[in-house]
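Just so it is clear, none of the values below were taken in a lab; they were calculated from the coordinates. Since we're looking at a predicted model, the values are computed, not measured. Ideal geometry is used to build each Cβ from the backbone, glycine not excepted, and the neighbour counts take in all protein chains shown.
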Amino acid sequence: MSRLLLTYKRLLTKHPVKTQCIQAGVLCGTGDLIAQAVIEKKPLKNINLQRTGVFLTLGTFWIGPSVTMWYRCLFKFFGDKGKFVALKKVAVDQLLFVPPFQICTISAINILQGHDLEFAKEQLRLKYADILIAGYKLWPAVQVVNFYFVPLNYQTLYVQTVALFWNSYVSWKTQQGIIKE
C-alpha cells in the first residue's frame, strides 16, 4: 500500500492536473457503478457500461480539469491560510462556480448519453434545482474542511472521494424517470 501511495505522490508532483483528472474519471465512473448496483439494485449482468463510460469520460475531461483548475484559481486569488480564507473560498465556490458547473454537468450527461439538446434542456429543467439543493446540503461543509485543512494538490482527491457518493446520487438522479429503449 505504501508503494502505491509513493507512486501516487510522485505522479501528483510530476503531473498534478493529469493525475487529478484521471482520478476524477475513475471515481465518477465508480460512482455510477455504485448507483446502478446499489441504489438501482441492478444485477451485475444488467449494469449499463456505456452509462458508466459516460461518467468516467465526464469525470476525466470535464469534472477533473474544471475542479482542479478552479481550486488553483481560488488558491491564487485567496491564498491558503486561515479560516476566513477558507470561508471566502467556500462562498465563492458555492455561489459562483457550482450553479453553472451543475448546469454544464447535467447537460453533458444527457448529451453524452445520446440525447438531443431539447431533451437535455428538459432534464435540466426537471432535475437541476433538486441536484443543486441537495448539493448545498453537503458541499459547503465538505469545502470548509477542504479549503482549511487539505493542501492544494490533494483537494481534488479529497473532493472526489466524497464525490464518489455524490456522483452516485447525480447518476441516479439524472437517470430517474428516463425510459430506456
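Structure above, values below:
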{"item": "Debye, to nearest 20: dipole size of the chain, +1 on Lys, Arg Cβ, -1 on Asp, Glu Cβ", "result": "680 debye"}
{"item": "The stretch 2-175, relative contact order [Cα under 8 Å, separation at least 6], %", "result": "33 percent"}
{"item": "Computed helical MRE - 222 nm, the chain, DSSP H runs ≥ 4 contributing -39500 (n - 2.57), nearest 500", "result": "-26000 deg cm²/dmol"}
{"item": "Lysines whose Cα lies under 21 Å from that of Lys121, excluding same-chain neighbours fewer than 8 positions away", "result": "Lys173, Lys180"}
{"item": "Per-residue Cβ neighbour rank within 10 angstrom, fewest leading, Ser2, Ser107", "result": "Ser2, Ser107"}
{"item": "Nearby lysines by direct alpha-carbon distance to Lys88 (threshold 21 angstrom, same-chain neighbours under 8 apart not counted)", "result": "Lys76, Lys137"}
{"item": "Rounded to 10°, Cα long-axis angle of helix 16-34 versus longest principal axis of the chain", "result": "40 degrees"}
{"item": "Order of Glu118, Glu40 under a 10 Å beta carbon neighbour criterion, fewest first", "result": "Glu118, Glu40"}
{"item": "Ranked packing of 26-37, 91-102, most packed first, by mean Cβ within 10 Å", "result": "26-37, 91-102"}
{"item": "Crossing angle, helix 152-175 versus the chain [Cα axis fit, 0-90 degrees, rounded to tens]", "result": "20 degrees"}
{"item": "Ordering of 126-137, 61-72 by burial proxy (mean other Cβ atoms within 10 Å per residue, highest first)", "result": "61-72, 126-137"}
{"item": "Under 16 Å from the Cα of Lys45 - aspartates and glutamates, other chains or at least 8 residues apart", "result": "Asp32"}
{"item": "Fewest-first ranking of Cys104, Cys73, using other Cβ atoms within 10 Å as the exposure measure", "result": "Cys73, Cys104"}
{"item": "Rg/Rg_ref, the chain, where Rg_ref = 2.2 N^0.38 Å and atoms are Cα", "result": "1.05"}
{"item": "Between 0 and 90°, nearest 10: helix 2-14 axis offset from the chain longest Cα axis", "result": "80 degrees"}
